[in-house]
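What follows draws every value from the coordinates through simple rules; no lab data is involved. Just so it is clear, the structure is predicted and the values come from calculations on it, not from any experiment. Please note: Cβ atoms are built from the backbone with ideal geometry, for glycine as well, and neighbour counts cover all protein chains shown.
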Amino acid sequence: MMSSDPRRLLVALDHSEPGQALKIVESLAPLGVGFKVGLQLFMAGGRSLVKELAANHKIFLDLKFHDIPNTVAAAVREAAGLGIWMLNVHASGGREMMRAAAAAASEFSPAPLVMAVTVLTSLDNKDLTETGCSDTTGSQVLRLSRLAANCGLDGVVCSAHEIRDIKNALFPRFITVTPGIRPAGSGQDDQVRTALPSTVTSQGGDYLVVGRPITAAADPLQTAGCILSEMGGDL
Ligand code: C5P
């Protein structure tokens, strides 16, 4: 199978030591993959680290904003000013919050892509019920995806199992980002709605987020290369 477009792979830099994250970035940079900075590394390395990474790489700033519209819009402006390529907000923050986020991002050129987190891939139907949502994860993801598209967002973060329904219900250019990816033979960690790299491609998905299977591997470069081969497919 043909190896995938490396830009489709976003490696989650979940480290508390900025030095460790930079080491992973340096070793994987030759592949041309993108990187994801989440809460852990952001709290450890802060804005200066994000800015440094964004100067040379496509950075997805995964801070999952969820607050009142004015606060989220202000946070989006601060994030966009760092030169990042993609950021996200929680779709459950509602219509006005998502609209405010999209409007704030559009003030920048190039504007960062604004994605909506639907239902975390660590949650299943039982978890949703406990939070007062009687729908299945699949229907709730679809409902939130429709709302996000309606608010002018660029796409959603979802599990690989929901890609097909989202692409069918919305327009094909509505982007999907799927975490919870586990290559054959690797453990699930705390993820529940997991999928193989090849499943994302066969379902028509766009970007894959992979963290621990690569960053905790003995040879991250080789593992990332194998995942790209498993993925196949272009953007
Ligand atoms: O190590 P692993 O591959 O499980 O990392 C997945 C990454 O994707 C983590 O950084 C996690 O915060 C993030 N993420 C997720 N589920 C979402 C959104 C983001 O797992 N719905």
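Across region 168-196, the qualifying residues are those that are touching a strand residue (DSSP E or B) at 6+ places or on another chain (Cβ under 6 Å) and within 11 Å of the ligand (Cβ to nearest atom), and the one among them that is nearest to ALA116 (Cα to Cα) is VAL177.
Any idea how many residues of region 56-78 are of a type in the set (A, V, I, L, M, F, W, C), outside any helix (DSSP H, G or I) and within 20 Å of GLU96 (Cα to Cα)? Qualifying residue count, region 56-78: 3. Within region 197-230, the set of residues being surrounded by fewer than 20 Cβ atoms within 10 Å (Cβ to Cβ), of a type in the set (Gly, Ala, Ser) and touching a strand residue (DSSP E or B) at 6+ places or on another chain (Cβ under 9 Å) comprises GLY204 only.
Filtered by the rule that a residue be at positive phi and either among the aromatic types (Phe, Trp, Tyr) or without any contact (Cβ under 8 Å) to a residue 40 or more places away in the chain (or both), region 172-197 gives GLY185, ASP189. Within region 32-80, the set of residues being charged (D, E, K, R) and within 16 Å of the ligand (Cβ to nearest atom) comprises LYS36, LYS58, ASP62, LYS64. The set of residues in region 57-85 being in contact with a Leu (Cβ under 6 Å, 6 or more places away or on another chain) and either of a type in the set (D, E, K, R) or free of Cβ contacts under 8 Å to residues at least 60 places away in the same chain (or both) consists of ILE59, LEU61, ALA79, ILE84.
Is region 81-88 home to any residue that is part of a loop (DSSP other than H, G, I, E, B), more than 16 Å from the ligand (Cβ to nearest atom) and among the aliphatic types (A, V, I, L, M)? Within region 81-88, one or more residues are part of a loop (DSSP other than H, G, I, E, B), more than 16 Å from the ligand (Cβ to nearest atom) and among the aliphatic types (A, V, I, L, M).
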